[in-house]
1. Considering only strands (runs of 3 or more DSSP E) fully contained in segment A:71-166, which possess at least 2 residues that are under 20 Å from A:A277 (Cβ atoms), under 23 Å from the mean Cα position of the chain (by Cα) and touching a residue at least 40 places away in the same chain (Cβ under 8 Å)?
2. Of the residues A:R758, A:R739, which is modelled with pLDDT under 80, exposed (fewer than 13 other Cβ atoms within 10 Å of the Cβ) and over 29 Å from A:D658 (Cβ atoms)?
3. Which one of these does B:K51 not meet: (1) within 15 Å of A:Q936 (Cα to Cα); (2) more than 13 Å from chain A (Cβ to nearest Cβ); (3) of a type outside the set (A, V, I, L, M)?
4. Kindly check whether there is at least one residue in segment B:116-124 that is more than 8 Å from chain A (Cβ to nearest Cβ), part of a helix (DSSP H, G or I), more than 21 Å from the chain's Cα centre (by Cα) and modelled with pLDDT of 90 or more.
5. When both residues are 6+ apart or on different chains and their Cβ atoms are under 9 Å apart, which pairs have a first residue that lies in segment B:136-165 and is more than 23 Å from B:I200 (Cβ to Cβ) and within 11 Å of chain A (Cβ to nearest Cβ), and a second that is surrounded by fewer than 18 Cβ atoms within 10 Å (Cβ to Cβ) and among the small types (G, A, S)?
6. Kindly state which strands (runs of 3 or more DSSP E) lie completely within segment A:255-338 and contain at least 1 residues that are free of Cβ contacts under 8 Å to residues at least 40 places away in the same chain and in contact with a Ser or Thr (Cβ under 8 Å, 6 or more places away or on another chain).
7. Which residues, taken from segment A:353-367, are surrounded by fewer than 17 Cβ atoms within 10 Å (Cβ to Cβ) and touching a residue at least 24 places away in the same chain (Cβ under 8 Å)?
8. Among the residues in segment A:363-373, are any under 34 Å from the mean Cα position of the chain (by Cα) and either among the acidic types (D, E) or farther than 15 Å from A:L269 by Cβ (or both)?
Amino acid sequence: MVGFVWGQLRGRAGRSVALLVGVLVATTGFVVLTGATTTSRLAVTGTVERNTRAAYDILVRPKGTRTPLEAERGLVRPNYLSGTYGGITTAQYDQVKAVDGVDVAAPIAMLGYSTTSIEMPLDVTEAVDPALDRQLVRIDREFLAERGLSHVPAQPTYVYVTTHPLAYPIIGDEYYPDAVRYTDGRTYDTDGCGLLPRETLPGGRTAPICDLQVEQGNAMQDLSERQLWEVEAFRMLPGGRFLPSTVRSTAEPDKPVPPVSRLTVTVRLTVPLLLAAVDPAAEQRLVGLGDAVVAGRPLATTDTTVVTKVRGGLSSRTLPVLATSRPFLDGAIRATYTRFPLNRSIAGVPPGELAARLRGAPATPAGGTERDALSAYRSQLDAGLGPRTCCHGQLQIVVQPGQAAYDQSPDRTLRVRPTPADPAVYGDSQDLVTLPRPWLSEDTGYRPLTQLQLGRGAQDARQWQAVGLFDPEKLTGFSDLGRVPLETYEPPRAAGADDRSRAALGGRPLEPSGNPAGYLSAPPLLLTSLASLPGLLSNGSSPQRTAPISAIRVRVADVDGYSERSAERVRLIAERIATTTGLDVDITLGSSPAPQTVDLPAGAFGRPDLRLTENWSALGVASVITRAVDRKSAVLFALVLVVCALFLGNAVTAAVRDRRAELAVLACLGWPARRIGALVLGEVAALGLVAGLLAVGLAVPLGHALGIGVDWGRALLAVPVALVLALVAGLAPALRAARAHPAAALRPPVAGALRARRTRTVAGMAVVNLARVPGRTALGAAALAIGVAALTLVGAVSFAFRGAVVGSLLGDTVSLSVRGADTLAAVATVLLGAAAVADVVYLDVRDRATELATLRATGWTDGDLARLIGYQALFLGGLGALTGAGLGLGGAAWLVGDLPAALVAVAAVVAAAGVLVTCLTALVPAGLLRRLPTAQLLAEE
Amino acid sequence: MDPTTGSTVRADDLVREFRSGTERLTAVDGVSLEIASGSVTALTGPSGSGKSTLLHLVGAIERADRGSLTVDDVEITALRRAALARYRQRVGFVFQRYHLLPALTVLDNVIAPVLPRPGRADHQARARELLAAVGLAGRERALPAQLSGGQQQRVAIARALMGRPRLLLADEPTGNLDSTTGAQILDLLLELRERHGMTILLATHERAIAARCDRLIRLGDGRIVEDVDLTDGEDAADTFDRASRLRL
C-alpha cells in the first residue's frame, strides 16, 4: 500500500508538489501566526456611575507611576503629576501621537518649584512722629498661611527716620567698593556695610547706617526669609515729606531725588510656583490654553530658552513662561509697628548691636497692617509684564516634591506621613542662590524634596520671565460635570471633614500653603514650552534630559460623551498605547470625584491636626494589562486553514476524477471500497505529513524574521495541523472514490450541459464553462470570498475606522482592532483564495484541453484562448470577491450599525484587489495554453 | 455562398518525427506531393501510416520538422504562431470524433470559429445558412448530445465552412458513422466542393469513400507508396471497380 501511494505521488510529481506547497504555506502561516494570537489586552472592570467626561480620556504615565494605593482603590490622587518628573521620552510621545484614533496627545513635563518674590509695600507714614529729630520704627512681621492656622514671627526689620542730612553713594557701571564717592563729595570704603547712606555725626564725621544686607546676601542659601531683616533709612524734610535712600548714578550725580509724602517700605514673601513644560499647540487643542491668555502673548511651540552672555563670562538663560493670573496663594504677612525715639544717630552702630541697644528703650506702639500674598501678586500683575515689573523668578534652585505617603486606618481613612525637612535642597554655597527659602520650608513636610539637577556654579544664571498670563478659569474643554481633580490646572482643595477641622479652617477649604513639601500641592502655575527644556536642562545631570515628559493626556477621536461604545473605543486606544509604549495607562473617561478622608498631622507652625475630605478621582473603569487570546485573530488564522482546505479539497477531487479509470480498474480487480478510499487518503496524508515536517523547519526562522515568537514546541504543532488539514480536505474525495462504480470511468471529465445556453461572445462562453462545473466554481469562489471578507473587515477597521471599530453584536459591545498579524493572515487568506481560483482555472484548462485544441484548430489565436481563460478567472474572481466584499461590508455595517461611505470604499478597493490578484494568479494556468498539444489531443479522442 | 477557388497544396520532402522516451518515430517521412486546386484527394493507409499527421501538418496544427509545405504559394513551415492562427482561420477541419463543444448549441458550435471576431449578426446568418446547407435547418438550438453521429458530423462540416475555407481537411470524417450515413456525408462534401470549388483532402480507410475521390494517395510508414489519379478517363462504375481492387 505504501509503495502504491509513493508510486502515485511520484507519477504525478508536478501535481503532488503543487499540493505540498499549498499545505506547506497554509500550515506554516497558521503556526507562525498563532504565535501572535496571544496579545496584551487592556482589561477593564467596573461600571461608570456618572456621565462625565474630562478634557482627556486617557492618562499615560511612566511605567510604575501608579501607586499601590491607587491601584487598590481604582483611584488617581489629586495632583497626580506631583512626584512624577519625567519618565516618558519624546520618542514614546511620538508613538502615542501616532496611534490611530488619538485626537490630541498633550504632554506635560513637570519640572518643580521655582521661587519668586512677591513685594508687599507697607505704608509706615502714620507710625512716624514728625516732631522727632531721629526715630526708629520697628516692623515686627508675622508670616501666616493655611487660613492663618500656620504662623510664625520673623526677625523685625527697621525704618530709620532722621531730619539730618544723609550722604548717598554715587556709582556707575564700574566702581570699587573700597573707594565709593558719596554725594557729600567725599570718598568712603563701603566694604564693611555696602552701598548705604551715611549720616553726619556731631563733629562732622560721617558713619554708614549699617544693616545685615551684605552679610546676609552672601549666605542666602542658609537663610529662611523670616531671618532676613534690614534697616532702611529716610531723611524727613521739613513739612513732613521724606527723601528715600537712593543710590545716585555717576551719569547724573546731582539729579535731585523727588521727596515723597508717604513713607513706604517693602517687605517680601518668597513664593514657590510649580513650573511645567507643555506643547502649546497640543495644550491649545486640549484645553484652549492660548485662548485663556489674558495679558501678553500665548506661548509658542517654537519658544526656547534665551541665552545671553553678559560680562565676566557669565551666561544668563531666560526661560519664557506663561504665568498664571491666579496663583492660589494662601499666605499673608501681618506687620506691627513700634516707634523708638532716638536721641542720637544709629549710624555706625554695628547691626548685631542694634536690637540690644533698643532693648529697654522707650517704645510707642505705632499701628500695623496685614497684607495677603494674593492681593500683592495682583498688584504686581497690574504693573504690567516686564523684566523690572512682572513676572519673573529664579531658576537657580528648582525643588521637586515627591509623593505623599499614607498609613491606612481600619476605617479606610488615610493618614499622611510627615517627612523630615531637608533645608539643603534649597541650595548650598556652590549655588548662585538669589532668594531666601520660603518660611514654610521649615514647616512640617509631607513630601520628600529633591532638587532638579541643573548646572551649578556662579557662572550660570537662570531665571524665567513671563511672556504672558493665563487665567486657569478660562480654560475650556471640560464640562462642569467632568470637573474632577484630574484636571491639570484645577487647584486641589480639601474641606474639613469634621466639626473641629471645619471650625479651625473657618468653614473654608484648605488650599496649597506655599510649602513645596506641603500636603496640598499646587497645579502648574508656570508653563513653558517643551522646546525650552534642552536649554534649561542641558548643563545639568537630570534624567529628564532624555525622558522629560511626566504624563500625556490623550483625547480619543470620535468619542462624544460617555457611552458603552465610547468606553470600548477608549479602551481600545488605551490598549494600543499600552502595548506600543509599555507605559502605565489609565482610562479617565467616566472618572468622577471620589472623596477620601485624610488625616493631616499638625504642622510645626501651629496648624492643628486636621481631618480633611479630599477629592480624589475614581476612574470610570479600572484597567489592567493582561495577556489574553485575541479571538478575532484566532478566527482569522483559522480561516487560512479553511481556505486551504477548500483549495486542497478541490485539487484532490480533481485528482480522483483524473484517476477514475484507474480506480475503476482497481474496483474491478476486487479492491474493497474502504481500501480505495484509504489509498486516496493515504496519498493526501503523506503529502500533509511531508508538508508538516517541512513547516516545522520553516516556522521558527520565519517567525523570527517577522518578529513573532515561535518556539520549537509551537513549530511542532505544524505536523498534526498539516495532517488533519490534508485528511479533512481529502475525506470527501476519498469517500467519493470509494463509492465509485467501475462505469464511472466512462464518463467525461467535464459534463456537457443540461440545457442549451446562448453563447455568442467569448465572455459568454467563459460563463458557460464555469456553469458546467458548479461545484468546483463554488469552492473556488468560496475560498476567495472568505479571504476577501476577512480582508474587507480588516481593511475597514484599519482605514475606515482608524484601526479600531467598536460596535454592538447581539447586544454586547464589542470591538475589533487590527494588528499586523491580522493583516498578514487576511492577506494570506486572499492569496490562498486566489490560488484556489487559479487552480480551478488550471483544472478547467486541463479538463477541457480537447475543446481548447478544437478551437485552436478552427482558427482561434493564442490571444483568443487566453481571453477565454482570462474571462473565466475574472468572473470567478469577481464572484468570489464581490461575495466576500459584500459579506465583509455587511459584517462591518452590522457591527457598527452604519454604512459609512468610507466602508463601502474600502470594500470596493479590497474587492478590486481580490479580482486583480486572481487574474494575475490565473496567468499561470493561462500560460499552459501555449503548450497545449493540439494535434495529440484531437487525435486521442 | 461565395464561389471560391480551391487552394493548391505543395509538399516537398516533408518530415515529422515524434519522440517517445529514447525512441524516435517518423510519422511523415519525406513526403512530396502537389494537390491541385479544387480536387478531392483521399489519403489512405493503415493505422500509423501518417495520414492524420500529414493532415495536421497541412492544417497547421502541427509543425513539420523538415521540408517545405506551401499552400497557395505561402510557405506554412515558416509562419509564426499568430500567422499560423490566421492561416487556420482559412482552413476547414473536420474530425472523426466531430469535436463539437458539448455545452454549446448547434448554432453556437458553427459560430465558434469566428466567435472572437466582430460581426455577430453576420455570423449568425451565415451559420444558419450553413446549417441549412448541411440539412440541419431547425436544429440550431439543439445540443450536440441531442444529435445523431451523422448530424454531429454535419454540424462539424458546417463549422469547418464557417471561415469560408479554400481548403477543407477531413480526418476520417465517416469513421464513426455507418456506411449509409458515411456516404451521405461524402455526398455532402462533394456537393460543397462543387458549389464552392474548394480543395478537399481527406483521410480515410474506407474504400467506398476513397473511390469517389479524384485522387488517392496511399501512405505506408510515413511515405507515399501509391498515388493514383481516379479521374483518368474512367466512369463512375469503373472507378468503383477499380476502387474495389484497391488495397487500402
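The values are calculated or read from the model by the stated rules, or taken from the named source; none is laboratory data. Not measured: the values here are computed from a predicted model. Methodologically, a virtual Cβ is constructed for each residue, glycine included, from the backbone with ideal geometry; neighbour enumeration extends over all protein chains shown.
1. On the way: elements: A:102-123, A:134-145, A:150-153, A:157-162.
Strands (runs of 3 or more DSSP E) meeting the threshold: A:102-123.
2. On the way: A:R739 fails: over 29 Å from A:D658 (Cβ atoms).
So the residue among A:R758, A:R739 that is modelled with pLDDT under 80, exposed (fewer than 13 other Cβ atoms within 10 Å of the Cβ) and over 29 Å from A:D658 (Cβ atoms) is A:R758.
3. (2)
4. Among the residues of segment B:116-124, not one is more than 8 Å from chain A (Cβ to nearest Cβ), part of a helix (DSSP H, G or I), more than 21 Å from the chain's Cα centre (by Cα) and modelled with pLDDT of 90 or more, which makes the answer no.
5. B:L143/A:G752; B:P144/A:G752; B:A145/A:G752
6. Working: elements: A:264-278, A:293-296, A:306-309, A:315-324.
Where strands (runs of 3 or more DSSP E) fall fully within segment A:255-338 and carry at least 1 residues being free of Cβ contacts under 8 Å to residues at least 40 places away in the same chain and in contact with a Ser or Thr (Cβ under 8 Å, 6 or more places away or on another chain), they are A:306-309.
7. Just the residues of segment A:353-367 that are surrounded by fewer than 17 Cβ atoms within 10 Å (Cβ to Cβ), to begin with: A:353, A:355-357, A:359-365, A:367.
Matches in segment A:353-367: A:A355, A:A363, A:T364, A:P365, A:G367.
8. At the first step, the residues of segment A:363-373 found to be under 34 Å from the mean Cα position of the chain (by Cα) are none.
No, segment A:363-373 contains no residue that is under 34 Å from the mean Cα position of the chain (by Cα) and either among the acidic types (D, E) or farther than 15 Å from A:L269 by Cβ (or both).
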